[in-house]
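Beneath this line is the structure, given in structure tokens, with notes to follow.
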Amino acid sequence: MSNTVSESATLEYNGKKIVLPVVTGTEGEQAIDISSLRKSTGLVTLDPGFVNTASCYSKITYIDGENGVLRYRGYPIEELVEHGIFIDTAYLLVNGELPNDSQHREFSRLLNECSLIHEDMRHFFDSFPRGSHPMHILSTMINAMAAFYPDVDLKSLDEDINQSCARVISIVRTLAAFAYKRSIGEPIVYPRHDLSYCANFLNMMFDSPVRPYQIRPEAVRLLNVLFIIHADHEQNCSTSAVRTIGSAQVNLYATISAGISALSGPLHGGANQSVIEMLKMIHEDGDVNKFLKMAKEKDNPFRLMGFGHRVYKTYDPRAAIAKRECENYLKLIKYQDPLLDIAHRVEEAALTDSYFVDRHLYPNVDFYTGILYRAMGIPENMLTVMFAIARLPGWVAHWREMIGSSTKLVRPRQVYTGQECRHLEEDYRKVK
Ligand code: SDX
């Protein structure tokens, strides 16, 4: 049973003593509940980046960063990858249990039914400049869904929340593929009712009237695995954005659009594209140690992209899966990518360098996934879009958990360090 109050912590300050409850989670992690702190002491806590702060209770995903454990609704990520069906993982995250056969069929039907975008939305694509980054297009188009599907505010959700959740999980693929086709000047390819979630996406991306796309089972399996390992990750930056925006009772689509925008940052989901750019630079230069040296220089903004994590202080279990899949898939399709060799050399050098070892900086989910997507023919500017498609069920699950609980509007406090009170007329005369 989570959030049980098991002990207490005493805070002494200015001759005052306050006893605060300590809550214990399912896996024994503990937190001091400070919700009464300001009322009883006038004090607030300060924690930039919320490094030490739990923002909520959640039953969706558990991460043990010290031991490299990741579980969705209690299932280890390795077992879900073995099971290998992304839409089952999506269903699990959103509903709390894996679907039985009839629930799987119903969810597939919903995803298929919601895979088309409103035809009027198609014309939006014509107004984006050719070179627009697909992440900007995606967040705009998902936000526009609130105009095309206006019945999605909180009041209307209880009867068709499954439909709204399925719609955004399904349509994100169509919007992503349409953005890609538009960027290469090819005609868009519509979703097909006879294809599974991942096969449909690959077909929308790569089929063409003059070059029919051959759907390969190994590519479909791999995409399921990649989407599963990206599907959720507890209170990361973009999920926290979703919970924050959603707490104001903003509709689902605008809330998800905020998550997509947060994910696009190079310190977050945008890192997978930055990793490829970095590996290409290292490949061109040839000197791995030169780049590691730059990453270690205090005043050098260069970071080893795909390395380090706020929570994992050991190898990211998703990176281990991606690395294994990378080596196997490239061998299977007989595809040589020099960037994989560079990635191996960077990892080897960093994991024997005290700077990285002392700071517990290991490969994270973004370090190998870009190479895999490249091998599947996914262009670099679509890499973070792939992350967004996969993360959709996680965002929807957290949004649904948040609106289902007695969530308060997210509105943190601050410590003000600006000007003391001063008056305009006095200063105005001085300036004059
Ligand atoms: C994702 O939160 C999630 O769960 C995110 C995610 C998800 O699934 O949602 O897992 C997805 O975003 C993965 C992370 C992708 N980002 C990158 O790969 C970008 C490179 N990584 C770094 O920018 C960094 O590691 C962060 C942002 C990921 C985490 O940084 P923190 O937790 O804020 O730690 P920090 O910046 O305070 O670093 C601590 C020390 C510092 O050195 P000192 O001041 O102690 O001397 O480690 C150093 C940092 O300079 N450091 C790095 C480094 N990452 C941290 N030095 C060189 N290269 C790096 N990559």
Note on region 202-252: residues touching a residue at least 40 places away in the same chain (Cβ under 8 Å), away from the ligand (no atom under 16 Å from the Cβ) and under 22 Å from His268 (Cβ atoms) are Leu223, Gly246, Ser247, Ala248, Leu252
Pick from Arg303, Arg324: which is within 11 Å of the ligand (Cβ to nearest atom), surrounded by 13 or more Cβ atoms within 10 Å (Cβ to Cβ) and basic (Lys, Arg)? Arg303
When you scan region 17-25, do you find a residue that is at pLDDT 95 or above, open to solvent by 90 Å² or more (accessible area, probe 1.4 Å) and closer than 29 Å to Pro317 by Cα, even just one? no
Out of region 264-275, which residues are assigned to a helix (DSSP H, G or I) and near the ligand (Cβ under 10 Å from one of its atoms)? Ala271, Asn272, Ser274, Val275
Considering only residues of region 100-143 that are small (Gly, Ala, Ser) and at pLDDT below 95, which is farthest from Thr89 (Cα to Cα)? Ser127
The helices (runs of 4 or more DSSP H) lying wholly within region 326-404 that contain at least 3 residues that are out of contact with any helix residue (DSSP H, G or I) (no Cβ under 7 Å at 6 or more places or on another chain) are 338-350, 354-358
Given the structure, is Thr352 of a type in the set (S, T, N, Q), crowded, with 24+ Cβ neighbours inside 10 Å and either farther than 26 Å from Phe178 by Cβ or within 13 Å of the ligand (Cβ to nearest atom) (or both)? no
Quick one: what pairs do we get from region 290-301, first residue more than 19 Å from Lys280 (Cβ to Cβ), second near the ligand (Cβ under 9 Å from one of its atoms) and open to solvent by less than 30 Å² (accessible area, probe 1.4 Å), C-beta under 9 Å, 6+ apart or different chains? Lys296/Leu304; Lys296/Phe356
Looking at region 283-299, which of its residues are assigned to a loop (DSSP other than H, G, I, E, B), more than 20 Å from Thr352 (Cβ to Cβ) and more than 9 Å from the ligand (Cβ to nearest atom)? Asp299
Which of the residues that make up region 197-230 are surrounded by fewer than 19 Cβ atoms within 10 Å (Cβ to Cβ) and outside any helix (DSSP H, G or I)? Ser208, Pro209, Val210, Arg211, Pro212, Tyr213, Gln214, Ile215, Arg216
Is it fair to say Met278 is buried (at least 22 other Cβ atoms within 10 Å of the Cβ), in a loop (DSSP other than H, G, I, E, B) and among the hydrophobic types (A, V, I, L, M, F, W, C)? no
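Residue check: is His83 away from the ligand (no atom under 15 Å from the Cβ), at pLDDT below 95 and under 26 Å from Thr174 (Cβ atoms)?
Working: away from the ligand (no atom under 15 Å from the Cβ): yes; at pLDDT below 95: yes; under 26 Å from Thr174 (Cβ atoms): yes.
Yes.
The values are calculated or read from the model by the stated rules, or taken from the named source; none is laboratory data. Just so it is clear, the structure is predicted and the values come from calculations on it, not from any experiment. Positions of Cβ are generated from backbone atoms using ideal geometry, with glycine treated the same way; all protein chains shown enter the neighbour counts. All accessible areas refer to the heavy atoms of the entire protein, side chains included, with ligands and DNA or RNA removed. Shrake-Rupley method; radii C 1.70, N 1.55, O 1.52, S 1.80 Å.
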